[in-house]
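Below: the structure, in structure tokens.
We did not get these values from a lab; they are worked out from the coordinates using the rules stated. This one's a predicted model, so the numbers in the text were calculated from it and none came from an experiment. Here the Cβ positions follow ideal geometry from the backbone for every residue, glycine too, while neighbour counts run over all protein chains shown.
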Amino acid sequence: MCSGPQPWARRAWRTLAESGAITQYGALTMPAGRVEELPRSSDTPDVRMLPAYDDCLIGHRTRETSVPAPHQARVRPGGGLVRPTVIADGLVIATWARGPGSRSLQVDAFEPLPSRIEQGGDREKESVVGFLRPLRAPDAVDLDEDDDGQEE
């Protein structure tokens, strides 16, 4: 049974707040001094690329609040598969997959996207691509060679 934060966790948060290490910004708790780094415009959508099987998609009894009903099958095509998704302000707007090449992503939007969402998606895509590493097979190991590289 989950009853919320344990007493030691509450004390730790209280100590951080009293020391000035963290601050409240609306409903957010964040490191002090970082509030001015947040975007000021509420017109800017928060666009994120989530991995396959993200808790946002599997941790709820129903998905109507995050995945529009007509697109449920594109996110969960069956067989237990949950595809990687793109969300804008908490609503799934597309799926994505790694494209050809080690640093390529392909986004499959459910509908044409407004330019402000596309711009946010492009920024998120750049961040994800920068994080990815090329997929490659491990170097082959020749079991017939001894330590000095000579075959036996």
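Length gain on complete extension for the stretch Arg116 to Glu18, per 0.36 nm per residue less the alpha carbon to alpha carbon distance?
The Arg116-Glu18 span can extend by a further 31.4 nm.
Let a ≥ b ≥ c be the square roots of the eigenvalues of the Cα gyration tensor of region 52-108; is it rounded (a/c under 1.5), or, if not, prolate (a/b larger than b/c) or oblate?
Since a/c reaches 1.5 and a/b is larger than b/c, the shape of region 52-108 is classed as prolate.
Using a simple spin-label model with points 7 Å from Cα along the Cα→Cβ vector, what separation in nm is obtained for Glu64 and Ser127?
3.1 nm
For region 81-122, what is the convex hull volume of its Cα atoms per residue in Å³?
Measuring per residue, one finds 86 Å³ for the Cα hull of region 81-122.
In terms of modelled amide H atoms, which long-range or inter-chain residues lie less than 5 Å from the amide H of Val92?
Here the answer is Val67, since their amide H atoms fall under 5 Å of that of Val92.
Would you work out the charge dipole size for region 70-134 about its Cα centre, treating the Cβ of every Lys and Arg as +1 and the Cβ of every Asp and Glu as -1, and quote it to the nearest 20 debye?
Once rounded to the nearest 20, the dipole reads 300 debye.
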